[in-house]
Amino acid sequence: MMMNDLVARILFEIADLLGLEGVAFKPQAYRRAAETIESLSEPIEELVADGRHANLPGVGEAIAKKIAEIVETGHLKYHDKLKANLPIDLFALTQVDGVGPKTAKLLYNELGVCNLSDLERVALAGEIRNVKGLGAKTEAKILRGLTEIRSAEGRMLLGRAQPLAQDLIERLRASGFFERLEVAGSLRRGRETIGDLDLLAIAEDAAAAAEAFVGLSDVEEVLAHGEKKSSVRVSGGVQIDLRIVPTDSFGAALQYFTGSKDHNVSLRKWAVARDWKLNEYGLFDSNGKQLAGPEEAEVYECLGLQFIPPELREDRGEIEAAEKGRLPILVEVADIRGDLHVHTDWSDGRGSLEEMVAAARTQELQYIAITDHAKFAEVIGGLTSDKLRRQLDAIAALNETLDGFRVLTGIEANIQSDGSLDMPDELLAKLDVVVASVHAHFRQSKADMTARLIRVCENEHVDIVGHPTTRKIGERTPIEADWDAVFEATAKHHTAMEINANPIRLDVNADLVRRAIDAGVKLAIGTDAHVPEHFSFMPLAVLTARRGWATKADLLNTRPPSKLQYKTT
DNA sequence: GCCGTTTTCGGCCCGACTGTTTTCAGTCG
């Protein structure tokens, strides 16, 4: 970050913090100084170097000294002191439309929101509407604001794009002008982040259909408006492209606009090698006769290939595999029987055991593993040994009352910096499922981190390594480890690698899923649900698994509870 | 905390809008 931005950011935050404390007038002073710094065209360091910064409008003696301190040390003691009472990323949070200092403080006090990812989490989970003084409309506005910020960063999370597209499609279908309407693009391929939304349609009255599209209530800007292609920006800054194609070309167009670009290039070369031509209107022979076009599956069939699921279309060997008939039969959401990573209000979750079970059952699951945080996270209510024992009794009692559903016992233990866990072995031995996760000491050396993870895999009690890379998309980079070495240990000791379904995590990602499978490692999906609504994340992890070429057999979750035992010692 | 002078202290923007609540609080411009 440029120093100017850092100085401005700190001054803005001071203004907000003082405002929250009810201090009069000072906030405006800090804000004015911040705005001055923000709009400078010269590096603030140069101004500080010869003292000119003290002459800037809005900068007096006190603020000039503070600016110098920031430039020299990178931070400001006065700012740190003010922040002690409200340790949140106030600057980032107040960038969200509809969130000011008061709302940020309220969300921190009521829901523990510290940063943008927390905000997105509670907004997606529907928790904001329940805060006194806020409501459903505020929650929706915050979600729009977050989308805007994410889109300003270029891409939005898959977990945001999906419902957005779904809603859009439902509204367009309701217009009655669309005979067919499908999502294409990276969303159809299940990429973890999405740029623009691509929609593909058949409409007899294309003009009317396009009219309905650009006339959608949330359209803020019409970028293009024609009978074949229209493009809009909806509230939140997300760009939506709609292409209306002839019936005879729909399949070819769906193929073409689903991509990826690399996959399409390879596929077109494949066609050219047969003296054919493939484009968005169809597959044509050398005489220009259409061989395929109305249905996407026919395009692949005519090319002599197995149908390649959209999730595999990244030019990563799928065309060669399809030629040989060796594409994997990818796991499907319907194959999933259980969730192996669930929290409750026994630790930092917000659903009771009973509520989480009820929600899981509505998602057609047959079992869930309750894996509340272990004691390291005592500040967020992590389980002590005693509390865990009480929970085991509660789960046993609950299971007595359940028919056709099983609650497995478990824990999400913390992997300490040396690879040991924060729960005694004698207790771990009693549990059905032990998830072990890194929650601190993210920045160890690659060698230390690798050793740390290998030691966990070797632990006879550990069934699953939770969110193995700890990355948070757009927010926290993954830890560094020699994953081939880790997977070797994982495979040897039958420790599963988690695919964490939280949209900001999707961890391990598709690339690592594939490498893990190649190394003979099993995977375990965990929604990491902290509220009942989080079970809806499950399909995101299934998509990630599919993008990693996973079959039903590669996932522990597809097994019945009686056959979950995978660990060997 | 800054600024402009009534030259060393008093003044510093506030109304529209939204959402939630029911008379107001918070955000935005």
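The values are calculated or read from the model by the stated rules, or taken from the named source; none is laboratory data. Please read all numbers here as calculations on a predicted model, not as lab measurements. Positions of Cβ are generated from backbone atoms using ideal geometry, with glycine treated the same way; all protein chains shown enter the neighbour counts.
Computed values, structure above
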item	result
Only one of A:T450, A:T495, A:T470 that is of a type in the set (S, T, N, Q) and under 17 Å from the mean Cα position of the chain (by Cα)	A:T470
Condition check for A:E480: out of contact with any strand residue (DSSP E or B) (no Cβ under 6 Å at 6 or more places or on another chain), of a type outside the set (A, V, I, L, M, F, W, C) and surrounded by fewer than 16 Cβ atoms within 10 Å (Cβ to Cβ)	no
Residue match in segment A:6-18 (condition: touching a residue at least 40 places away in the same chain (Cβ under 8 Å), within 11 Å of DNA strand B (Cβ to nearest atom) and surrounded by fewer than 21 Cβ atoms within 10 Å (Cβ to Cβ))	yes
Filter result for A:T73 (without any contact (Cβ under 8 Å) to a residue 12 or more places away in the chain and farther than 25 Å from A:K132 by Cα)	yes
Exclusive hit being surrounded by 18 or more Cβ atoms within 10 Å (Cβ to Cβ) and either of a type in the set (D, E) or under 34 Å from the mean Cα position of the chain (by Cα) (or both), set A:E295, A:E280, A:E301, A:E311	A:E311
Flag for A:S347 being outside the structural domain of A:W549 (by TED's automatic domain parsing) and either over 24 Å from the mean Cα position of the chain (by Cα) or in a loop (DSSP other than H, G, I, E, B) (or both)	no
Conditions (1) over 17 Å from the mean Cα position of the chain (by Cα); (2) at pLDDT below 90; (3) more than 8 Å from DNA strand B (Cβ to nearest atom); (4) not small (G, A, S): number failed by A:C114	(2)
Boolean, A:K102 is on the phi < 0 side of the Ramachandran plot and surrounded by fewer than 16 Cβ atoms within 10 Å (Cβ to Cβ)	yes
Those residues of segment A:254-267 which are free of Cβ contacts under 8 Å to residues at least 60 places away in the same chain and either surrounded by 16 or more Cβ atoms within 10 Å (Cβ to Cβ) or touching a helix residue (DSSP H, G or I) at 6+ places or on another chain (Cβ under 9 Å) (or both), in sequence order	A:Q255, A:Y256, A:H263, A:N264, A:S266, A:L267
From A:F442, A:F405, residue being surrounded by 18 or more Cβ atoms within 10 Å (Cβ to Cβ) and among the aromatic types (F, W, Y)	A:F405
Residue ID - nearest to A:L157 (Cα to Cα), chosen from residues in segment A:526-569 that are among the aliphatic types (A, V, I, L, M) and in a loop (DSSP other than H, G, I, E, B)	A:V531
Single residue of segment A:283-292 satisfying the filter (modelled with pLDDT of 85 or more and not small (G, A, S)) that is surrounded by the most Cβ atoms within 10 Å (Cβ to Cβ)	A:L283
Test set (1) part of a helix (DSSP H, G or I); (2) within 30 Å of A:D262 (Cα to Cα); (3) not acidic (D, E) - A:K137 fails condition number	(2)
Residue count for segment A:126-146, restricted to those that are surrounded by 20 or more Cβ atoms within 10 Å (Cβ to Cβ) and more than 10 Å from DNA strand B (Cβ to nearest atom)	3
Residues satisfying the stated conditions in segment A:92-111, i.e. away from DNA strand B (no atom under 11 Å from the Cβ) and within 13 Å of A:I149 (Cα to Cα)	A:A92
Top-ranked residue of segment A:37-57 - restricted to ones that are over 17 Å from A:E69 (Cβ atoms) and part of a helix (DSSP H, G or I), ranked as modelled with the highest pLDDT	A:N55
A:D205 vs. criteria under 19 Å from A:A253 (Cβ atoms) and charged (D, E, K, R)	yes
